[in-house]
Amino acid sequence: MPTVSTDPFGTRKMSTPGLNPPTFQQTDLSQVWPEANQHFSKEIDDEANSYFQRIYNHPPHPTMSVDEVLEMLQRFKDSTIKREREVFNCMLRNLFEEYRFFPQYPDKELHITACLFGGIIEKGLVTYMALGLALRYVLEALRKPYGSKMYYFGIAALDRFKNRLKDYPQYCQHLASIAHFLQFPHHLQEYIEYGQQSRDPPVKMQGSITTPGSLALAQVQAQSQQPGGPKPPQPGQPSTLVTTTTTTTTAAKTTTITRPTTTSFKKDVPPSINTTNIDTLLVATDQTERIVEPPENVQEKIAFIFNNLSQSNMTQKVEELKETVKEEFMPWVSQYLVMKRVSIEPNFHSLYSNFLDTLKNPEFVKMVLNETYRNIKVLLTSDKAAANFSDRSLLKNLGHWLGMITLAKNKPILYTDLEVKSLLLEAYVKGQQELLYVVPFVAKVLESSLRSMVFRPQNPWTMAIMNVLAELHQEHDLKLNLKFEIEVLCKNLSLDINDLKPGNLLKDKDKLKSLEEQLSAPKKETKPPEELLPVSTTGDFVPFAAPPSTPSAATTTACTTTGPPTPQFSYHDINVYALAGLAPHININVNIPLLQAHPQLKQCVRQSVERAVQELVHPVVDRSIKIAMTTCEQIIRKDFALDSEESRMRVAAHHMMRNLTAGMAMITCREPLLMSIATNLKNSFAAALRAPTPQQREMMEEAAARIAQDNCELACCFIQKTAVEKAGPEMDKRLATEFELRKHARQEGRRYCDPVVLTYQAERMPEQIRLKVGGVDPKQLAVYEEFARNVPGFLPSNDLSQPTGFLAQPMKQQAWATDDVAQIYDKCMADLEQHLHAIPPALAMNPLTQALRSLLEAVALARNSRDGIAALGLLQKAVEGLLDATSGADADLLLRYRECHLLVLKALQDGRAYGPQWCNKQITRCLIECRDEYKYNVEAVELLIRNHLVNMQQYDLHLAQSMENGLHYMAVAFAMQLVKLLLVDERSVSHVTEADLFHTIETLMRTCAHSRANAPEGLPQLMDVVRSNYEAMIDRAHGGPNFMMHSGISQASEYDDPPGLREKAEYLLREWVNLYHSAAAGRDSTKAFSAFVGQMHQQGILKTDDLITRFFRLCTEMCVEISYRAQAEQQHNPAASAAIIRAKCYHNLDAFVRLIALLVKHSGEATNTVTKINLLNKVLGIVVGVLIQDHDVRQTEFQQLPYHRIFIMLLLELNAPEHVLETINFQTLTAFCNTFHILRPTKAPGFVYAWLELISHRIFIARMLAHTPQQKGWPMYAQLLIDLFKYLAPFLRNVELNKPMQILYKGTLRVLLVLLHDFPEFLCDYHYGFCDVIPPNCIQLRNLILSAFPRNMRLPDPFTPNLKVDMLSEINIAPRILTNFTGVMPSQFKKDLDSYLKTRSPVTFLSELRSNLQVSNEPGNRYNIQLINALVLYVGTQAIAHIHNKGSTPSMSTITHSAHMDIFQNLAVDLDTEGRYLFLNAIANQLRYPNSHTHYFSCTMLYLFAEANTEAIQEQITRVLLERLIVNRPHPWGLLITFIELIKNPAFKFWSHDFVHCAPEIEKLFQSVAQCCMGQKQAQQVMEGTGAS
């Protein structure tokens, strides 16, 4: 294969400047890229080509990596420069057109192209049709024969965009259906399998795919590295970082994944099933033979030669090798060839064999042969205990190679080098694991005999080995895959296995004695076989085994017995309902010397056995069921797919499940049980005998080993039976839908069969093994009967008439008292019938009415069978019925229809029926799995959520995934509607918080950010609203503190705790409360804490994050429960003082808070702040979750006290002056702000008083507004005040101030007064955001905020006669406004506004302005107040900047005749009374302390008054100013100076207007205000002066 230094494109179509547009596979590329349809100029074409040249060129030409090219393409795609966009289109079109020529590319170039192609998909450089075409090309390539060039192209491209596979689930299904899918690299298989479910693999396996092309590429890159670069580890010296080359080996070609791993790789990560790594060979390379290593550059050349070797350039490469490599380095080359090439590249064996022939160097051939034998021996003697697939693959490959360079070339395999027959015998004796290595190896060696004139079949040597293999083949328990290997070998050698003559070699004892060991590592001293332990109790020969290290260590001896012992118990003998079931069967041998000497020690035996069982039972049971379940479920579903009898299916499933679970449990627990019982016994004996003598110690060892051996079988059976008893119901749950489908079919009078399986069986399966419709074939059922008869570990049972154990019980999911469930169903039916009677006769035939009748029948059916499956069917029917109903029907009927369906679901959710947990889980599953056409019924889903029928955490995840990163428009639109309904609209569902839709909001925000230009309509606005609600708080990063809090909130509503956890938590909490209050607790409870952490470890609470989370949730619930109980006591006993009751509650709450604070302080390393903050957020999230749940359930009975105490005490604890707390103080405050924000009054109105007390606590305010540097706490505190104002707004707007609201309003005013006094700058900076959410009629509240002025400023007295405002030094300084007020402006509106201010176009802007601001015709709600406020401030700031740019300052003369004033004047004239009032209010909100805004807006207000064309406008301006002045103080400075100027300056003719004199009381009011503002005398003069003029 000649190396290509130019790009493969060069030789072809690049010669013409334009494009020959060839259509490929019926895809006209001009449709895919309409913009690429043009003829590109020669320059564009040349530039596009030049980039390809750089990708493909070897150094030292200017080169570009694939990543650099992709970055450049990304840049070009979105570039504003036309030429760059054209280059982008040209390059992409060329690449796609070139696809049909890819098969002709050399390997390296093809690999680069594949990476480029995959990268284009990965980076999203193509969309829609082009993306579809790119994906199709990759799919077509992967469908090419395994190992072909194009297959490798597909693999490399796919590897590049594997992270995107989750976005294309359908595509993943196509990939998975490729015939050789299982030969794809393992990590890609994982990505594809998870991609089908729109998920990433849980563990993202990395691996760069290495194809023949990428090897060549790596070689080139290695050559271009500087000499000082890192040196790859050589075979002779394994480095700490061994590059593990992992290869997927199959009969065709090899794909290699190279990933750096540390040498501990094999220990930590068991090699995945289809990977080969040469660690074993690297590590075992014999250190004693010092092979001379060639210099690095020579090594690279050698690697390069082999990388580029092909049949066509063989002679040339041989010559190159001879020139490059001196004789002394040839041993190294032989080692390199065998270890690094042959062992992992079986597809190139014939190539390498031809290479040896062409080289004609007999010495070198000998070296290669010796190296091959050496590596084979390394693998044969390696440790075979672990199921090391890599080593087996290497051995097979070396076997194939050995056959090729010996037998195929008519050379013998010498007895001294490898004795094949003995090897088979030894492997047979040593067991299955060894056979797994040896049989495939021997088969591969013999495969080559076919090509030999000498060794082909009927050669006695070959036939002798074949006969041994035939004898092995007859062995009853030989693994199927080994039998298959032998059969395939016979087929390849054209031999019939039945014609072979199996001898008796495997049973030949004499042969055994003289056997040379070839398999295990050579021992220093070997013992004669007679002394060795027997491996199996059934065989009639003495096999090999490793001798025990010391004959006295009886325990070791006991533990090394392999193979199952004879069962002692029948299945019914053992009762597993309690550990006491062990007692009757415990076996104590009275002849044991220790027990004869100390009979009292017998009582230790039962405890030791029970403890050993107790420790192991849960993990073993869970593991066994988990593993057996998957296998069993798949096989049962397959075998019974066409059987309509669910009872038969269930019994078979139970038999199989029982057998597999018992077997799994047996192999898992026997060894640990032996050790555990023996250890427990030794400890008990030692404790009982206090200080045993050495002789007693020996007796103890022996006794412990004997008793453990005698009782291990019993303990094992106990655990097995426990697992089996639990497995049955689990199996029923798994197959519930299968059973239900069959029942359902029977009720409809048809026979069930799975149509997909039926088609598959009919089309693909041969007659003999095809499944038939109806019952399962008796031969197949015999297998299940055999499962029933022989349960591993128990005596065989011949009593099939009576099924054992749970098989006799009828199937039910949960055992509730029947009468309760029946009552619930009956009530439900009665209610439904009542609803049906109430439907008018005219609607009797309406589809909704008929659906309700059918629902009633389903309830009746479920009532009669009263089992879980019928309930599940009913639940599905109710959910699907709700989703199916559309709003087009009769409104009353639709309401009734929904009510009925909810009624059924609520009945099932009743605690006496199936309970909320089961119900919500199943309802959520229905929502997730139902068909798309009614999956997205937003009213129905909202109804279910509103009624607490959905598991929000699960549903949220599903919704986020189903949006496919914004590609699934229907799902995106649905998610938007749902978020709007649940979180934004006024009638938002109070129990749903943003935490419940965390992932959905995150996905919507991502979609919004990624597709700003073409985002779905309304998404950016919705996200802005959501963001304004939730994003004043910090990051939403996955795994960040905020994520921890939201996950804590959602985990607070999970109840399926492991059994016994609640009791543990209760015990621990009690212990901690006692420790906390004890005198010995130490300063800050530190001593108590260290003791308690030990207890938490002991109880296993600190094992996993999940358990810690559950522990905190349970503790919070228990503390809250204690508070409720204490407060209930007070109601029963009014004499008890409130203080005592509170102290009682605080007793537990304060202790719990201290525990949280200590755990936060001490979690992780002292310097690791991340774990501390994550834990704090998690705990706060849990408390919030418990609060919200409690608030929803108890409603008016809800008590704030426990939660208030937890939050306030935790706040004080974590703000203590300690170094460790100071370092995390900002993150702590952020966490509390997030907490309070989630609990804002609109979400938890029952908590509002406590909430206000928390946010106004002096420590919290001081920390947020004073101590946190750079005012980082300000935006978060501002958000909390906005939350408060938003809650108050509707009550204040409608002046509905009942007693509770008055108290809250008073509290709010007090908080504002504190802020006005201590932090006026804070109010100055955020005044805009606050005024935005305060209703227009709250004048005093707003005055409080607007009166704030910076503490370093001296306010000039507004009543000073002849005060020159424009001469004040501060009057030209702009105030700080920290609210993003332009955010509410729609982008088009803002664009038009900016354009109008600059150029006074579009001319229609002014005429359309009112309609842009108006949102409805409902009086009082006509206008978008936020938009009016933003418009006024934005135009004002722009006007000030405009005036400053012209070198002047705002005044009555400079503000006129500008686009800015046009807008204001237009608004004053064009708006109706309501709109004008809001507009003038927006201006008045800027009249504050002396600054440029106050000055400008004061001038504007006066100018509008002077220029008004009707008195109505002047009256309204007067009203806006006056109503702010006649309330109690404080009054903003700017307001005063504006009003004084208005009434004092004769230019405005204020006193001559009619509205001033329209009524005596109004006139009086104006006079008193004037006197207050200017003093009596001056006011009198002004009024009289005006009157005189």
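The values are calculated or read from the model by the stated rules, or taken from the named source; none is laboratory data. Bear in mind the structure is a predicted one, so any value in this text is a computation, not a measurement. Glycine gets a Cβ as well: all are built from the backbone with ideal geometry, and neighbour counts include every protein chain shown. Heads up: the accessible areas ignore ligands, DNA and RNA and are worked out on the full protein's heavy atoms, side chains in. Shrake-Rupley method; radii C 1.70, N 1.55, O 1.52, S 1.80 Å.
The order of the peptides 395-406, 367-378 by mean Cβ neighbours within 10 Å, most packed first, is 395-406, 367-378. Computed over neighbours whose Cβ is under 15 Å from that of Asp1357, the net charge equals +2, Lys and Arg +1, Asp and Glu -1.
The three principal axes of the Cα atoms in the stretch 60-161 give end-to-end lengths of 44, 39, 21 Å, sorted in falling order.
Do any trypsin sites (Lys or Arg not before Pro) in the stretch 1507-1585 lie in a DSSP loop with no more than 14 other beta carbon atoms within 10 Å, and if so, which? Intermediate values should be presented prior to the final figure.
On the way: sites: Arg1519, Arg1524, Lys1544, Lys1549, Lys1564, Lys1577; in loops: Lys1549.
Listed in order of number, the matching sites are Lys1549.
In terms of packing, defined here as the mean over residues of other Cβ atoms within 10 angstrom, the peptides 907-916, 1242-1251, 1297-1306, 1158-1167 line up highest first as 1242-1251, 907-916, 1158-1167, 1297-1306. Ordered by 1.4 Å accessible area with all protein chains kept, Val439, Val488 run largest first as Val488, Val439. With an a/c value of 1.5 or above and a/b not larger than b/c for the gyration tensor axes a ≥ b ≥ c computed over the alpha-carbon atoms, the stretch 1305-1400 is described as oblate.
Over the stretch 1538-1589, what per residue volume does the convex hull of the Cα atoms give, in whole Å³?
Convex hull of Cα atoms, per residue: 68 Å³.
Counting other Cβ atoms within 10 Å, which trypsin sites (Lys or Arg not before Pro) in the stretch 1051-1085 have at most 10 and lie in a DSSP loop? Intermediate values should be presented prior to the final figure.
Values: sites: Arg1062, Lys1064, Arg1070, Arg1083; in loops: none.
Passing both the DSSP loop test and the Cβ count: no residue.
Note on the stretch 1055-1196: Cα-Cα pairs beyond 20 Å make up 52% of the total pair count. With the convex hull of its Cα atoms as the shape, the stretch 1139-1204 has an orientation-averaged projected area of 5.1 nm².
Apply the a/c threshold of 1.5 to the C-alpha gyration tensor of the stretch 1373-1526 and tell me whether it is rounded, prolate or oblate.
Rounded is the answer for the stretch 1373-1526, as its axis ratio a/c remains below 1.5.
For the stretch 883-965, the square roots a ≥ b ≥ c of the C-alpha gyration tensor eigenvalues yield an a/c of 1.5 or more together with a/b not exceeding b/c, which makes the shape oblate.
For the stretch 616-706, the spread of Cα positions along the three principal axes, ordered from largest to smallest, is 70, 19, 16 Å.
Exactly which trypsin sites (Lys or Arg not before Pro) in the stretch 439-498 are in a DSSP loop and have at most 15 other Cβ atoms within 10 Å? Passing both the DSSP loop test and the Cβ count: Lys479.
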